[in-house]
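Novice: Questions regarding the structure given below will be posed in turn.
The values are calculated or read from the model by the stated rules, or taken from the named source; none is laboratory data. The structure displayed is predicted, hence computed values, not measured ones. Cβ coordinates were reconstructed from backbone atoms using ideal geometry, including for glycine residues, and neighbour counts include every protein chain displayed. Accessible surface areas use protein heavy atoms only, side chains included; no ligands, DNA or RNA. Shrake-Rupley method; radii C 1.70, N 1.55, O 1.52, S 1.80 Å.
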Amino acid sequence: MLTQIEKGRAFRALHERDSAFIIPNPWDVGSARLLAHLGFQALATTSMGYAFSIGRRDGAVDRPLMMKHASEIVSATD
């Protein structure tokens, strides 16, 4: 697994290349793993997608819960 610095450099390189890249928004660990398996080079997070997946409206998830969610996605993928 890459270090945080290596991940940062790889992410920056995606922005510096001549062609565009697609960055999907997984809403949970399962969708993150699936998207990584499909070959996406980077993943974002979606506040609305996550909120809806736990039965809440967008903006109704507090910071600690959203950070926990983001941490789970990061931990589940490279």
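Novice: Share of the chain's accessible area from carbon and sulfur, percent, 1.4 Å?
Specialist: Carbon and sulfur: 56 percent of the exposed surface of the chain.
Novice: Now, a different point. Packing-wise, with mean Cβ within 10 Å as the measure, how do 61-73, 39-51, 9-21 rank, highest first?
Specialist: Averaged packing, sorted descending, gives the order 39-51, 61-73, 9-21.
Novice: In Å², what does the accessible area per residue of the chain work out to with a 1.4 Å probe?
Specialist: Here the per-residue accessible area is 73 Å².
Novice: A follow-up question, please. Which of the DSSP-defined H helices in the chain satisfy a minimum axial length of 15 Å, computed from C-alpha atoms, and a minimum mean Kyte-Doolittle hydropathy of 0.0?
Specialist: Both cut-offs are met by 63-76.
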